[in-house]
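What follows is a single structure, written as structure tokens, with notes after it.
The values are calculated or read from the model by the stated rules, or taken from the named source; none is laboratory data. If you're wondering where the values come from, they're calculated on a predicted model, not measured in any experiment. As a convention, Cβ positions derive from the backbone with ideal geometry for all residues, glycine included, and neighbour counts pool all protein chains shown.
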Amino acid sequence: GLDEAGRGGSVNLPPIVENAQWAQAGGTIDHAPGHPALGRGLAEIWRGSIGAGSGYRRRLTAGPLVAGGAVYAADAYGVVSALDAANGRRRWQADTRPRRDRDGALGGGVAFEGGRLYAVTGLAEAMAIDPADGTIGWRVSLPAPARGSPTVAGGRVLVPTVENHLIALSVEDGRRLWTYRAQPTTTMSLGLPAPAVEGDLVVAGFGSGELAAIRMADGRPAWSETLASARGGGLADIAAIAAMPVIDRGRVFATGLGGLTVALDLRSGRRLWEREVASVETPWSAGDALFLMAANGNLACLGREDGRVRWLRPLGRFEDERRRRDPIFWGPPVLAGGRLLVTGGHGRMAEVNPLDGEVVGTMRLRGGAVLQPAVAGGVLYLLTEDGDVVAMRGQG
């Protein structure tokens, strides 16, 4: 675990960068957006509904995207909305469900690239959407349902499916270019993490705990690893990777439910370090640090070079700690404007000093939020479990 590791060492962060968009899951195709700008003293500037939120047997599976002055998100039924990024007014809505299947509740996810929006759905379809008005261009069937967001790069729409396959479709017409098949699993992961891309390599995590680097050109593996913990037992049997892999400056960072967080060399797949810590949330890599929301409610800062714990901060596991009731589900950490922000399903957002892990403030949100927020143009965009996009800007 993390507790017995030696603590300490300073944390060096990269300079703050103004970013105009958050066009794909993870912010950028490598899922390492660095240190986006966001002012202090956050206050809500608008709130707008995208449709159905999470509920009984239905789930929001992907966070919001920001591109070209609009916020895009898919609701729990796979209805895609475009909201004006400045005021939250709805520009359009596109129901991705086939006419015959309007009661399917399996969500979906979107990606924006090259002036087009791409959507994948829990009803096993992928499509291109015109971001101006929501009209659907090409539309193809997938061999299995998708969950969460695709990644679009190199002329390909990269779609993880529930069968533990990664499918590459052409951005031109949706035709299938290749399929990578990971080990099948019996258990179903709720979310399927969008793969990370760097140059000619796609790094994808699967429900089996497999982490693979796949050649963009032909779908052949460059290397493959497993994040199953040696100890086994308990949750470790489910080694599922639900968090997006991160590629940053030649390294791959990945974390799984099986109890391992690893750093690998992107080109060779060589393991640089590993830590026995389980997580379902995407880590954040910046400077010489990796920030991680562990499954046990601890926010951790690990050293990029050696994986050693710089600091560890319990954010809380239960709303009622004394009776151990009402568990808290925390989303992934986001580094923006000099601090870490972590939102929870209980409707709170913690603001944490990235240098030492001190909680500098907590804020009440109207509605829980567990999906990765977007940061663009100095605004934080959250998607609440009720299906609302909340835009917050720093007042300072």
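Taking the condition part of a loop (DSSP other than H, G, I, E, B), touching an Asp or Glu at 6+ places or on another chain (Cβ under 8 Å) and surrounded by fewer than 18 Cβ atoms within 10 Å (Cβ to Cβ), does GLU319 pass? Considered against the rule, which asks whether it is part of a loop (DSSP other than H, G, I, E, B), touching an Asp or Glu at 6+ places or on another chain (Cβ under 8 Å) and surrounded by fewer than 18 Cβ atoms within 10 Å (Cβ to Cβ), GLU319 comes out as no.
Just one of the listed residues (VAL157, VAL171, VAL140) is touching a strand residue (DSSP E or B) at 6+ places or on another chain (Cβ under 7 Å), aliphatic (A, V, I, L, M), under 21 Å from ALA213 (Cβ atoms) and crowded, with 16+ Cβ neighbours inside 10 Å, and it is VAL157. In summary, GLY53 fulfils each of the numbered conditions (1) part of a loop (DSSP other than H, G, I, E, B); (2) at pLDDT 95 or above with the single exception of condition (2). When ASP388 is tested against (1) touching a Lys or Arg at 6+ places or on another chain (Cβ under 6 Å); (2) touching a residue at least 60 places away in the same chain (Cβ under 8 Å); (3) more than 22 Å from ASP75 (Cα to Cα), just one condition goes unmet, and that condition is (3). Restricting attention to region 117-137, the residues that are surrounded by fewer than 20 Cβ atoms within 10 Å (Cβ to Cβ) and in contact with an Asp or Glu (Cβ under 9 Å, 6 or more places away or on another chain) add up to 2.
In region 290-314, the residue that is nearest to ALA62 (Cα to Cα) out of those that are outside any loop (DSSP other than H, G, I, E, B), in contact (Cβ under 8 Å) with a residue 60 or more places away in the chain and of a type outside the set (A, V, I, L, M) is PHE291. Applying the criterion of at least 1 residues that are among the aromatic types (Phe, Trp, Tyr) and touching a residue at least 12 places away in the same chain (Cβ under 8 Å) to the strands (runs of 3 or more DSSP E) found wholly in region 125-224 leaves 136-141, 176-181.
Which residue, of ALA132, ALA76, is among the hydrophobic types (A, V, I, L, M, F, W, C) and either under 20 Å from the mean Cα position of the chain (by Cα) or under 24 Å from VAL17 (Cβ atoms) (or both)?
Result of the check over ALA132, ALA76: ALA76.
Residues in region 67-116 that are surrounded by fewer than 18 Cβ atoms within 10 Å (Cβ to Cβ), in a strand (DSSP E or B) and at pLDDT 95 or above: ASP84, ARG90, ARG91, TRP92, ARG116. Any residue in region 232-241 that is touching a Leu at 6+ places or on another chain (Cβ under 8 Å), in a loop (DSSP other than H, G, I, E, B) and modelled with pLDDT of 85 or more? Scanning region 232-241, I find no residue that is touching a Leu at 6+ places or on another chain (Cβ under 8 Å), in a loop (DSSP other than H, G, I, E, B) and modelled with pLDDT of 85 or more, so the answer is no. When LEU383 is tested against (1) within 20 Å of ILE45 (Cα to Cα); (2) over 15 Å from the mean Cα position of the chain (by Cα); (3) buried (at least 19 other Cβ atoms within 10 Å of the Cβ), only condition (2) is not met.
Here ARG97, ARG156, ARG90 are screened, and the one residue that is of a type in the set (Lys, Arg) and within 18 Å of PRO195 (Cβ to Cβ) is ARG156.
Scanning region 249-263 for residues that are under 17 Å from GLY199 (Cβ atoms) and surrounded by fewer than 24 Cβ atoms within 10 Å (Cβ to Cβ) yields a count of 3.
The residue that is modelled with the lowest pLDDT, among those in region 298-335 that are over 30 Å from ASP265 (Cβ atoms) and of a type in the set (A, V, I, L, M), is ILE328.
Scanning region 263-289 for residues that are in a strand (DSSP E or B) and free of Cβ contacts under 8 Å to residues at least 40 places away in the same chain gives ASP265, LEU272, TRP273, GLU274. Just one of (1) part of a loop (DSSP other than H, G, I, E, B); (2) out of contact with any Cys (no Cβ under 9 Å at 6 or more places or on another chain); (3) hydrophobic (A, V, I, L, M, F, W, C); (4) at pLDDT 95 or above fails for ALA350. It is (1).
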